[in-house]
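The values are calculated or read from the model by the stated rules, or taken from the named source; none is laboratory data. Remember, predicted model here, so these are calculated numbers, not experimental data. Don't worry about glycine lacking a Cβ; one is built from the backbone with ideal geometry, like all the others, and counts go over all protein chains shown. Just the protein is used for accessible areas: all its heavy atoms, side chains included, with ligands, DNA and RNA removed. Shrake-Rupley method; radii C 1.70, N 1.55, O 1.52, S 1.80 Å.
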Amino acid sequence: NIHLPWGNSNIYFDCGNDGSGYDRIDKAATPDLYEGSWSHWAFTKNTNDGNMAIYHNGELWHSGTGKTKLIEIQELILGSNGNMDRTYFGKIDEFQIWDKELTQSTIQEWMFSKVDMSHPDYENLVAYYSLDEGTGTTINDISSQGQSAIIDGYMYWIYERGNNISRGFMETNERPNVSFVQ
């Protein structure tokens, strides 16, 4: 579970379960971290050394140790809880799952780019939902796993204006050729 945020303004990261409970780290957050502007969030867990971490815009925001409960994904629900009665009222650009803890430098290097085969940990990509479909109720997993997902409930497609897009741009010295016709 990732609660971004929970009703008390804390951000929770629950991961791994041994049947008796889960590993958790959490920290109080101010609204400027999760409201009003685009943010990049990354959540990592290494079950070998027990480290869990939360990165905000590429910087370590919170971490915990001694978290060694194994991870097994049986079902994935994005944007709501399991009962579908608590929905996320925000925008999600893409969602990735890796079977390896990514380093802070890798997160920083790739947080503004689409993942492709040149990513140093590409073989560890378990699921990659770029959310670029724009229509319909199917979300394609563009990792090698190819597990498509179904939109159910409150999710819908929106388009962002260029000045609100914060990634995927390439700088160039060329100017566009624009004609205005009345």
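Just give me the residues in the stretch 118-162 being more than 12 Å from residue 94 (Cα to Cα) and in a strand (DSSP E or B), in sequence order. I'd like the intermediate steps shown before the answer.
Looking only at the stretch 118-162, we keep the residues that are more than 12 Å from residue 94 (Cα to Cα), and these are 118-126, 134-138, 143-162.
Hits for the stretch 118-162 are 125, 126, 138, 149, 150.
Scoring residue 6 on the criteria (1) closer than 28 Å to residue 114 by Cα; (2) open to solvent by 80 Å² or more (accessible area, probe 1.4 Å); (3) free of Cβ contacts under 8 Å to residues at least 24 places away in the same chain; (4) not polar (S, T, N, Q) leaves a single failure, condition (1).
If only one of 61, 98 is open to solvent by less than 60 Å² (accessible area, probe 1.4 Å), touching a Leu at 6+ places or on another chain (Cβ under 9 Å), modelled with pLDDT of 95 or more and not basic (Lys, Arg), which one is it? Working first, answer last.
Numbers: 98 fails: modelled with pLDDT of 95 or more.
Just one listed residue meets the conditions, 61.
If you go through the stretch 36-55 and keep only what is part of a loop (DSSP other than H, G, I, E, B), in contact (Cβ under 8 Å) with a residue 12 or more places away in the chain and within 19 Å of the chain's Cα centre (by Cα), you end up with 38, 39, 40. The selection criterion, being touching a residue at least 24 places away in the same chain (Cβ under 8 Å), more than 24 Å from residue 133 (Cβ to Cβ), under 15 Å from the mean Cα position of the chain (by Cα) and not in a strand (DSSP E or B), does not hold for residue 72.
Among the listed residues 14, 93, 26, which satisfies the condition of being among the acidic types (Asp, Glu), part of a loop (DSSP other than H, G, I, E, B) and touching a residue at least 12 places away in the same chain (Cβ under 8 Å)? Give the steps one after another, and end with the answer.
Details: 14 fails: part of a loop (DSSP other than H, G, I, E, B); 26 fails: part of a loop (DSSP other than H, G, I, E, B).
When all the criteria are applied, what remains is 93.
Regarding residue 153, is this residue open to solvent by less than 60 Å² (accessible area, probe 1.4 Å) and under 17 Å from residue 4 (Cβ atoms)? I'd like the intermediate steps shown before the answer.
Working: open to solvent by less than 60 Å² (accessible area, probe 1.4 Å): yes; under 17 Å from residue 4 (Cβ atoms): no.
No.
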